[in-house]
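Everything on this sheet refers to the single structure shown next.
The values are calculated or read from the model by the stated rules, or taken from the named source; none is laboratory data. Bear in mind the structure is a predicted one, so any value in this text is a computation, not a measurement. Note: areas computed on protein heavy atoms with side chains; ligands, DNA, RNA excluded. Shrake-Rupley method; radii C 1.70, N 1.55, O 1.52, S 1.80 Å.
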Amino acid sequence: LDRSTREIELGLEYGIPTMNLAGQSLKFENGQWVAESGSFTGDHREMQRLRRRNQQLEEENNLLRLKVDILLDMLSETTAESHLMEKELEELKSHSRRRR
């Protein structure tokens, strides 16, 4: 049954789901939890500061990921070069032994 039919036939009035979390009152509307107007007790400047800090940390995290990717590429390249040099050295040793 849809909501209006349930209310008429069963006399149930559920209303909008609400909750109180850390002093902030939230209600469930259109599939999302939203703050009820006027219920935020925190400082607006603090919220802006936290948003800026969050943005800075996201940018720093992206930069660090890029640096890790570059370092992994450099490590892979160095490892490949090392294996090639080891192979060349073994071939030279083998060739030198055959000449004796």
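Annotations for the structure displayed:
- 3J(HN,Hα) along the range 53-64, derived from phi through the Karplus expression 6.51 cos²θ - 1.76 cosθ + 1.60 where θ = phi - 60°, amounts to 4, 4, 4, 4, 5, 5, 5, 5, 4, 5, 5, 5 Hz, with x in place of Gly and Pro.
- Orientation-averaged projected area, Cα convex hull of the chain (nm²): 14.9
- The calculated 222 nm mean residue ellipticity attributable to helices in the chain amounts to -23000 deg cm²/dmol, summing -39500 (n - 2.57) over DSSP H runs of n ≥ 4 and dividing by all residues.
- Linear extension gain, Arg98 paired with Leu66, 0.36 nm per residue minus alpha-carbon span: 6.7 nm
- Solvent-accessible area, 1.4 Å probe, carbon plus sulfur percent, for the chain: 53
- Considering only Cα atoms, the convex hull volume of the range 40-99 works out to 57 Å³ per residue.
- In percent, rounded to a whole number, the relative contact order of the chain is 10, using alpha-carbon pairs under 8 Å and six or more apart.
- Each residue of the range 16-22 was assigned a 3J(HN,Hα) from its phi angle through the Karplus expression (A = 6.51, B = -1.76, C = 1.60, θ = phi - 60°), giving 7, x, 9, 8, 10, 10, 6 Hz with x at Gly and Pro.
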